[in-house]
Amino acid sequence: MPTVFSRIVAGEIPSYKVAEDENYFAFLDINPVAPGHTLVIPKRENDYIFDLDDKEYAGLQMFAKRVAEGIKRAIPCQRVGVAVMGLEVPHTHIHLIPINSEADMNFFKEKAVVSSEEMTRIAGVIANEIQSGHPEVY
Ligand code: AMP
């Protein structure tokens, strides 16, 4: 059975997409730790990030870098924090979170309440920032 993230890539489940290329996909986390919290995934299903072969792992990290640069330009923050856990969804994903302090990386604190209109707006701003630097991303 495909993972929920494969179903997002296939367009069977809606998402707030921010970037995509041939092999990778990025979209807003539906339950964000902070506005702009984004997930970056390989399109090919693989549960555990360190099971990716070197080429796909390096490609994922390069794609995540482009997405993080877009987030940094779109959302006022000191930097973009990175986390990988994957205990909930068995499809490799990198969390990219705009942060101003270490406490902003706390996954146990109350989640940000972001309306669907605001999620759409944020995804659009991040997508524009990524594409302005990397036209190969769509
Ligand atoms: P983890 O597997 O622990 O790294 O966390 C999985 C993350 O995926 C959580 O932050 C969820 O909020 C997020 N998530 C689960 N389903 C969706 C979805 N349909 N769209 C966007 N994010 C999701």
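Bear in mind that the values in this text are calculations on the coordinates, not laboratory data. As the structure is a prediction and not an experimental result, all values here were calculated from the model. Cβ atoms come from the backbone with ideal geometry, glycine included; neighbour counts cover every protein chain shown.
Some points to look at:
- Global geometry of the chain, whether rounded, prolate or oblate, following the gyration tensor of its Cα atoms and the 1.5 cut on a/c: rounded
- Build a GNM of the chain with springs between Cα atoms under 10 Å apart, and of 17, 72, 109 the one that fluctuates most is 109.
- Those residues of segment 6-27 whose amide nitrogen sits under 18 Å from the label point placed on residue 47, 7 Å along Cα→Cβ: 6-7
- Table column - 3J(HN,Hα) (Hz), segment 28-44, Karplus curve with 6.51, -1.76, 1.60, x for Gly and Pro: 5, 5, 6, 10, x, 5, 8, x, x, 4, 10, 10, 10, 9, x, 5, 6
- Loop-located GluC sites (Glu not before Pro) in segment 22-79 (DSSP state not H, G, I, E or B) with no more than 13 neighbouring Cβ atoms inside 10 Å: 22.
- Hits among lysines - C-alpha to C-alpha of residue 55 under 18 Å, sequence gap 8 or more where chains match: 43, 65
- DSSP-assigned coil residues among chymotrypsin sites (Phe, Trp or Tyr not before Pro) in segment 1-85, each with at most 13 further Cβ atoms within 10 Å: 48
- Size of electric dipole in the chain: Cβ of Lys, Arg +1 and of Asp, Glu -1, about Cα centre, debye, nearest 20: 340
- Lysines whose Cα lies under 23 Å from that of residue 111, excluding same-chain neighbours fewer than 8 positions away: 17, 72
- At full extension, residue 31 and residue 13 could sit 4.9 nm farther apart than now, given 0.36 nm per residue minus the alpha carbon distance.
- ³J(HN,Hα) computed for each position of segment 17-26 - Karplus, 6.51 cos²θ - 1.76 cosθ + 1.60, integer Hz, glycine/proline x: 5, 10, 6, 7, 9, 4, 10, 10, 8, 9
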